[in-house]
Amino acid sequence: MKILMLLLIALFVFYSCAESGKQETSGADYAANTPKGQASVVDNESAKNILQIAVGSADHTTLVAAVQAAQIEHVLVNAGPLTVFAPTNAAFAALPAGTVETLLKPENKKKLAFILTNHAAPSTYKGRLLKDGTKMYMASGNYVDVKREGDEVWVGGAKILGSVDASNGVVHVVDKVIVPSEN
């Protein structure tokens, strides 16, 4: 557990340094630039919801940009409970060159929303609820496989690096983008 914690801290420091030249979006900036409604409510006293956690993470700026482009903020702020598998900026960067830029275009909004909803599951799945061999139903309508080896868990081929509880569920930070089949 100590090794995992040290790894997560090292990753955070590495990505923070790598991201230092990029413009960061604060919760207030984000709220000012989103459509009105539940996703734009700023509440600094309550426990953070999944969207607020993502917005506050320097390692998830690409995910936040994708959520904004797909206009699915409401999915991440609803009462839940939800489980979100949140790919890091490095996970998006590992996609083939040009993939993220293409998906962020307005004409690809529907496809981007489909990919992103393949990272969210209704209910809260953490700890031993993520059982080896389980097929987990995702908001996209697809199922992804869960693989467990000791304390390490993969969902849809993406390894869970860490988890954060949210007011409306849980966020699992993952090392890959879970690309859904297009059935």
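In nm, to one decimal, how far is the residue 97 label point from the residue 132 one, both placed 7 Å along Cα→Cβ?
4.0 nm
What number comes out for the charge environment of residue 123, summing +1 per Lys or Arg and -1 per Asp or Glu over other residues with Cβ under 15 Å away?
Net of charged neighbours comes to +3.
Cut-off 16 Å, label point 7 angstrom out along Cα-to-Cβ of residue 65: give me the residues of segment 80-102 whose amide nitrogen falls inside.
Residues 87-102 qualify, since their backbone N sits under 16 Å from the label point.
Read phi for every residue in segment 112-122 and hand back ³J(HN,Hα) as whole Hz from Karplus 6.51 cos²θ - 1.76 cosθ + 1.60, θ = phi - 60°, with x for Gly and Pro.
4, 4, 4, 5, 5, 5, 6, 10, 10, 10, x
List the residues, sorted by chain then number, that are 5 or more residues from residue 176 or on another chain and whose placed amide H is less than 5 Å from its amide H.
Excluding prolines and chain starts, which carry no amide H, the hits are 88, 159.
Could you give me the ³J(HN,Hα) list for segment 88-101, computed from phi with Karplus coefficients 6.51, -1.76, 1.60 and θ = phi - 60°, whole Hz, x at Gly and Pro?
After applying 6.51 cos²θ - 1.76 cosθ + 1.60, I find 6, 4, 5, 5, 5, 5, 6, 5, x, 3, x, 4, 4, 4 Hz.
Each value in this text was obtained by applying a stated rule to the coordinates, not by laboratory testing. Computed from a predicted model, the values in this text were never measured in an experiment. Heads up, the Cβs are rebuilt from the backbone with ideal geometry, glycines too, and the neighbour counts pull from every protein chain shown.
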